[in-house]
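J.: The structure follows.
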Amino acid sequence: MRTFAALIERNRKLFFRDKGMLLSSLITPMILIVLYATFLAKVYKDSFTSNIPAVVDISEKLINGTVAGQLAAALLAVSCVTVTFCVNLTMVQDRAFGVRKDFDVSPIRRPMIYLGYFFSTVRNSLMVNALALALCLGYIGMMGWYLTVADVALLILDLLILVLFGAVLSSIV
């Protein structure tokens, strides 16, 4: 178990030490939220309001909050997969630089090595995507907050499931 924890910690340190990989994984959600908010928000809002009958009166704050929620959902869906691929580059770099050969001659079993990569990918990706979730919640708060505590808890659960999906996908690829 100590070996497993050491592998996870090794991969975490390598990820945070590589400034290029860290910056690219952190900047991706921020760029996406700026692009979504500036360009797609009006398109989403127009599409949403055009399908509401004229008889129904919905407040502007609720419409803006709903549109912000749609944009946040799209951002998190994209970010959870792309960030995991970026985080999982540690495994690719280990193969490219021959570090895997060192692991292969060590007394560590091969499944333990792969599980170390997987769980460190999940852990590092959760850190980055938690920041993206905080940005999205801040954006929803500015546009029109309508979420309950249960909704936020379900968002966090959804984030965990999306990160696990992205980690499995990036590990397979």
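J.: Which helices count as membrane-span-like in the chain under these terms: full DSSP H, at least 27 Å along the axis by C-alpha, Kyte-Doolittle mean of 1.0 or more?
T.: 60-87, 110-144, 149-172
J.: If I model a spin label as a point 7 Å beyond the Cα along the Cα-Cβ vector, how far apart are those points for residue 106 and residue 55 in nm?
T.: 6.9 nm
J.: In whole Å, largest first, what are the principal axis extents of the Cα atoms in the range 1-126?
T.: Cα spread of the range 1-126 along its principal axes, largest to smallest: 72, 27, 17 Å.
J.: Over the chain, what is the mean sequence separation of C-alpha contacts under 8 Å (at least six apart), divided by residue count, expressed as relative contact order in percent?
T.: RCO, the chain: 37 percent.
J.: When only DSSP loop residues count, what chymotrypsin sites (Phe, Trp or Tyr not before Pro) in the range 4-99 have their Cβ near at most 10 other Cβ atoms within 10 Å?
T.: 97
J.: Using only the Cα atoms of the range 23-92, what are the Rg and Dmax in Å?
T.: 16.0, 57
J.: Turning to a different aspect of this structure: Averaged per residue, what accessible surface does the range 6-126 expose to a 1.4 Å probe, in Å²?
T.: Per-residue value: 56 Å².
J.: Along the Cα→Cβ direction, 7 angstrom out, place labels at residue 42 and residue 148. What is the inter-label distance in nm?
T.: Modelled inter-label distance: 3.6 nm.
The values are calculated or read from the model by the stated rules, or taken from the named source; none is laboratory data. All values reported here derive from a predicted model rather than from experimental measurement. Positions of Cβ are generated from backbone atoms using ideal geometry, with glycine treated the same way; all protein chains shown enter the neighbour counts. Surface areas here come from the heavy atoms of the whole protein model, side chains and all, with no ligands, DNA or RNA. Shrake-Rupley method; radii C 1.70, N 1.55, O 1.52, S 1.80 Å.
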